[in-house]
Every structure is written in structure tokens, then in C-alpha cells.
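K.L.:
Here it is: the structure, laid out below.
None of the figures in this text is laboratory data; all of them are computed from the coordinates on show. Here the structure is a predicted model, which is why all the values come from computation and not from measurement. Glycine gets a Cβ as well: all are built from the backbone with ideal geometry, and neighbour counts include every protein chain shown.
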């Protein structure tokens, strides 16, 4: 499998993200409408939820294969949220999801050094997603947000990224 990189979505590359999507049955797990990139970019532009948003494209061999967004409240740099994480339907089932999730965690560790916890939400019906997040060290936080389970990765814990390849 190719190395995964995360690239900030910019004025130069945003159009390439519009073609990314998931299987129709997975759409409800990622965003309310298509293209998913339009939702992510709109949230970044307007600061949805009063948060600072940074969208990233997931790339393999310089080809965009997925997306994610990191967000945090301006007054809380210790807690980041991972939103709209997905691998395009053409690239699913090849291990890119786990590699991209690990790359996202490492990006937060390197570039957002004040962050202590990464949160995400997952639909209760998204069993594969729950397994994926757990395989990288995310744990159920016992709360729900908008009907979804909240998972948390404690970056301060030793070896918070599981290596369950």
C-alpha cells in the first residue's frame, strides 16, 4: 500500500475533492448530502458551530482518495474533533482507512501540539467504523452527540495509537 499523506485543502486543489464520495448506503455515516467536500468546505468557511475548521484531503501517491476535517473551539486548543472522515468508495477495503486515521492522529500530534484529546462521532449502526476507530486507540466516551456515539483518543496516554494491523 502506498504511503498516505494529508494535504490541506486549498484554492488550488479543492475541486479535486468534489469527486470523492462513499457508497450510497454509507452516506448517512459521513454527511447529510453530496458532495461531502461541499459540506466540509462550507463548514470551514463559515466556522460552523463556532469552531475553527481545517479540511484535509487524504492522498495516496498524490491522488486524493478521501477526506477529513479537524475542528476545535477557539477557546479550547486541547480538544480537537475529527469530522467527515471517509475513504472514497473506489479505494475502500485496501487498508487506507486505518492508515489515514493514523496519519491524522500523527498530524495532530505534530501540528497541534496543545491537543490532548481527539474526539469523533460515529453512527451507532456503523459497526465497521467503530471497529476501525477502536483499532487505532479511540474508545467510546459514554456520551452521544446528535444521536451518534462519541469516541475519544487520549493523546497523553502512553501508546495511544494501537498497532492492530
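K.L.:
In Å, the Kirkwood hydrodynamic radius of the range 4-154 over pairs of distinct alpha carbons? Working shown, then result.
P.N.:
Values: mean 1/r = 0.0649 Å⁻¹.
One over the average 1/r among Cα pairs gives 15.4 Å for the range 4-154.
K.L.:
Each label point is 7 Å from the Cα along the Cα-to-Cβ direction; what then is the distance between the points at residue 25 and residue 75, in nm?
P.N.:
Label-label distance for residue 25 and residue 75, simple model: 4.5 nm.
K.L.:
Pulled fully out, how much extra length does the chain show between residue 146 and residue 116, if you take 0.36 nm times their separation in residues and subtract their Cα-Cα distance? Spell out each step's value before the answer.
P.N.:
Values: separation 30, 0.36 × 30 = 10.80 nm, distance 2.32 nm.
That pair, residue 146 and residue 116, stretches by 8.5 nm at full extension.
K.L.:
Taking springs between alpha-carbon atoms closer than 10 angstrom, which of 71, 104, 60 fluctuates most in the Gaussian network model of the chain?
P.N.:
Evaluated over the chain, the most mobile residue of the options is 60.
K.L.:
Testing the spin-label approximation: label points 7 Å from Cα along Cα→Cβ at residue 16 and residue 3. State their distance in nm.
P.N.:
Here the modelled spin labels are 1.6 nm apart.
K.L.:
Also: Starting with the highest mean, order 44-53, 136-145 by the number of other Cβ atoms within 10 Å, averaged over the residues of each peptide.
P.N.:
On the way: 44-53: 13.7, 136-145: 15.6.
Peptide ranking by packing, descending: 136-145, 44-53.
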